[in-house]
Amino acid sequence: MVEVLRKRVGWWRSARWGLLAVAVLCAGLLRATLSFSNAYASPRTNERAVRKRTDYIILHTTEAEAGSALRKLSRNGEAHYCVDRSGRVYRIVNRTRVAYHCGTSMWMGTRNLDECSIGIEVVGYHDRALTLAQYKALRELVTLLQKLYGVKDANVMPHAQVAYGTPNRWHPKNHRGRKRCGMGYATPEVRDLLGLKERWLVDPDVKARRLVVGDDFLAKLLYAKRGAGLLPYKLPTAKAKTAQAKSAPAPKAAPAEAEQPRGGVIAKGRSAWDIARDAYNAASTLYIFPDGRRLTGDKIRDWESIVAGTRVELSDAGDGASAVQSLGTGQHPRQLVGDAATAADTWYIRPTGGRVQGSALTAAQLAALPAETKILVGYAQGGPVTSKRLPSQICPTRWDAPDTYYLLPGRPLRPASQVDMRRVPAGTYIFYRD
Ligand SMILES: [Zn+2]
């Protein structure tokens, strides 16, 4: 009797293993449903340094429709993957290399997370729900990458959680809340959809006082027990989808990918920063004044004079914001960058091309800096370039990053994207986030 039982148990055990094998096989087949495309593989891939470690997976929202988002991501090499609305996954930069997707970023005191993370862009907006197909594809892709690199659940985070801003006219200190990119991914409700069990309950950099909170709403959303109540959208459910499919007539054509201008109107208590975040001074941000005048963010010097009723239109909420601040007439650097004015990692570039470190200036020299002096906060200086020391040797992982700037002899400061890298003259200095 005992023997029979044992045999039965033995049979059940092997059957169980068999079932498990079938389940694993099914999971494998499911994974095969993840559809990849190389149509937007970035020409930048081979220029990029091989990534030494992978501790984080950073999730983004493109803040633009698929067409323009994919073209931009590919052109600049700004992500490893991009998931379109149907759930198709585009490979952009080879996953073994550095992609520029985080911009100014910090987690647990580590800066420049591009160097230790994978970046996934998802076509959509930070304040709208993604499609069910996107959540499903993202779940599969993230699981795959987590296994491959041993990234734990908590370290799959939205860009908004790790981005930070250096001092500017709105914030005198390094601050969290530079962007709201992908903020929903931090909420327990979205993490359920993504199969992520753990999450961060505090911001380690704010706790350690490396950063201050620059966006109260975001801080609340990122660490709230239940986040859905704070999200400005409802999450899709499988039920809702079938109900909708039954009742609504099928659209004749795919909805047009119209790029509607996003933004808002400046009012009392609602500044350019509240609307545009760090894109407030970007060339892609348009200010339409009540009298009809139009100015882009990079052309505005006198921020105090922006009246209520001015419309702010964001055409590109990516990382296209300029890291360079420009001194206005009669303005003291402290008004722009607070205490960072005299920091060792703040650099001033005079209109005549001279460069000086914040910590090297006396109070009188600081006050005497001329209008149109460019200011870079949180930067290291590399160089000079010589025939034997090329930019890629001076800063191997940042030499062509979107927030890296070049000072060619006798020329104004310009972003890396506007420099002909085949002929960078000797004597050029490079400013990069370190
Ligand atoms: Zn982002």
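The values are calculated or read from the model by the stated rules, or taken from the named source; none is laboratory data. Since we're looking at a predicted model, the values are computed, not measured. Every residue, glycine as well, gets a Cβ built from its backbone with ideal geometry; the counts of neighbours run over all protein chains shown.
Which residue is nearest to the ligand (Cβ to nearest atom), if the candidates are limited to the stretch 288-298 and must be modelled with pLDDT of 85 or more and under 23 Å from Val377 (Cβ atoms)?
Looking at the filtered set, the residue picked out is Gly297.
Only one of Tyr90, Tyr149 is surrounded by fewer than 21 Cβ atoms within 10 Å (Cβ to Cβ) and at negative phi; which?
Only one candidate passes the filter, namely Tyr149.
Filter the strands (runs of 3 or more DSSP E) completely within the stretch 309-424 down to those with at least 2 residues that are free of Cβ contacts under 8 Å to residues at least 40 places away in the same chain and within 21 Å of the chain's Cα centre (by Cα).
Filter on the stretch 309-424 gives an empty set.
Can you name every residue in the stretch 141-169 that is under 15 Å from Leu211 (Cβ atoms), out of contact with any Gly (no Cβ under 8 Å at 6 or more places or on another chain) and more than 16 Å from the ligand (Cβ to nearest atom)?
Asn168
With the structure loaded, tell me whether Val156 is over 19 Å from the mean Cα position of the chain (by Cα), in the same structural domain as Leu231 (by TED's automatic domain parsing), farther than 17 Å from Leu132 by Cα and among the hydrophobic types (A, V, I, L, M, F, W, C) or whether it fails that test.
No.
Enumerate the strands (runs of 3 or more DSSP E) found wholly within the stretch 26-95, keeping only those where 3 or more residues are touching a residue at least 40 places away in the same chain (Cβ under 8 Å), assigned by TED's automatic domain parsing to the domain that holds Ile118 and over 17 Å from the mean Cα position of the chain (by Cα).
So the answer is 89-91.
Within the stretch 96-113, track down each residue that is part of a loop (DSSP other than H, G, I, E, B) and hydroxyl-bearing (Ser, Thr, Tyr).
Once the filter is applied, which keeps residues that are part of a loop (DSSP other than H, G, I, E, B) and hydroxyl-bearing (Ser, Thr, Tyr), the stretch 96-113 yields Thr96, Tyr100, Thr104.
Looking at Thr104, Thr54, Thr110, Thr96, which one is under 18 Å from Tyr432 (Cβ atoms), in contact with a Lys or Arg (Cβ under 9 Å, 6 or more places away or on another chain) and either surrounded by fewer than 17 Cβ atoms within 10 Å (Cβ to Cβ) or of a type in the set (S, T, N, Q) (or both)?
Thr104
Could you please let me know if Ala99 is within 15 Å of the ligand (Cβ to nearest atom) and closer than 20 Å to Arg277 by Cα?
When the stated conditions are applied, Ala99 does not pass them.
Can you run down the residue pairs with Cβ atoms below 7 Å, 6 or more apart or on separate chains, where the first is in the stretch 100-117 and among the β-branched types (Val, Ile, Thr) and the partner is not in a loop (DSSP other than H, G, I, E, B)?
Thr104/Ala163; Thr104/Tyr164; Thr104/Gly165; Thr104/Arg433; Thr110/Cys116
Among the listed residues Leu138, Leu132, identify the single one that is more than 28 Å from Gln325 (Cβ to Cβ) and within 16 Å of the ligand (Cβ to nearest atom).
Testing whether each residue is more than 28 Å from Gln325 (Cβ to Cβ) and within 16 Å of the ligand (Cβ to nearest atom) leaves just Leu138.
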